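Values quoted throughout were computed directly from the atomic coordinates according to the rules given, and no laboratory measurement underlies them. What you are looking at is a predicted structure, and each value in this text was computed from that prediction instead of being measured.
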Amino acid sequence: MQGKIETLSVSGIFQLISTQGKSGSLNISSDGCAIDFFFSEGWIVDAQPIQPVRKQNSLLGVMLRDAGYITDDELQRVLEVMGRGGKKKIGDILIEHGMAPRDIVSKYLILQIKECLFDVLAYREGHYKFERFTARPVSFERDSVRPNILINEIMQFMDEYPVLRQKFPPGDFRVLRKKEEDVDSDLFSGPEYILWKALAFSNEPARVFRKACMTVFEGIKLLSEFHDRGLIWIESAVESDEDTVAPVYEKKRSLKWQSVIKAALLAGVLAAVLLWAAKLFLSSEESQFFRSWMGFF
C-alpha cells in the first residue's frame, strides 16, 4: 500500500491500518523529512525518525535525564555500555541496571511515538508506503498506541495550540505555581494533577513537560487552564532593563525578610528609648534594676 498524502490524509492512513489490524512498517515522507512507524495488529509499537534523525532532546536517555529519573553520570555510563557493542537498546540497559523502572521507560517510549505523530500530522503533501510483516513490541514496552482515538485528540491539540500559545510571553518563559493558593488536588483531572506536581520540579516549561511525560501541545493546554484559574505565575525568561526577572518566589521571600528586618529595627529603637527614659528618670538603683529587667527579655 503506497501513495500520496494529498490523496489519502495522514490521519486516514493511520486509521485504515488500525481498523484493519495490520502489522508492518509505515514510512511517511514530506519535504525531505521521513519517519517510520511500526505496527503490531493495528497498534503502533515504535516510531523512528529517518531523516532527519531524532532530535537530541527527544532521545530516550536524554528525556529521562531531563525529567530527573537518571543523572548525567548514569546516562554517560549507559552510553559507554552501548558503545562497547551489543544489540541491547538503551531502555533494556536502564532497566537491567535498575536506573529506571520498566513502566517509566515504557511511558517515555510512548511519548516518543506521540511526538512523531504530531510531526507527521502537520504534513499536507508527501508520500506514504506500508509494508506488511510481523512487528513485535520492544522487550521493555508494556503499552502500545491505538492511533484512531489518539489522532483525533492530537489534531484538536494542534488546532487549539496557536490560540493558547498567545496567552504566554513570546519566546522562552518561566512558570511558577502559587504555593500560597489553597489548591484542592481532588478537583484536578489525572493529567492536570500530573502537570501540577511537575511544576514543583522546574520552572522551565520544557523540563516540566518532560517530567509530566507530555508533549508541548498537551502541556500548553493544561498550563493555559491553570492560568485561567489563577493557579500559576507566568513571566518572560528574557531579561529586561527594568527587571532581571528573578523568580517570583525570591521576590516574595525578599519582601518577607524586609518586613522582619523592619520589625527588628523598630523593636531596637523602642528598647533604646526605654533605656534612655530609665537613665533619665530613675535612681541609680532603679535604673540598674530596669536595665537588668530589659536584658532578661
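Before moving on, here are some points about what is shown:
- Whole-Hz ³J(HN,Hα) from phi, Karplus 6.51 cos²θ - 1.76 cosθ + 1.60, for segment 2-13, glycine and proline x: 7, x, 9, 5, 5, 7, 10, 4, 4, 4, x, 5
- Against the rule of thumb 2.2 N^0.38 Å, how large the Cα Rg of segment 1-125 comes out: 1.19
- Listed pairs K55/K87; K4/K211; K107/K221; K55/K221; K88/K221; K129/K211 exceeding 26 Å between Cα atoms: K4/K211; K88/K221; K129/K211
- Cα-based convex hull volume of segment 167-236 per residue, rounded to whole Å³: 79
- Full-extension gain in nm, Q76 to N27, via 0.36 nm per residue minus C-alpha separation: 14.5 nm
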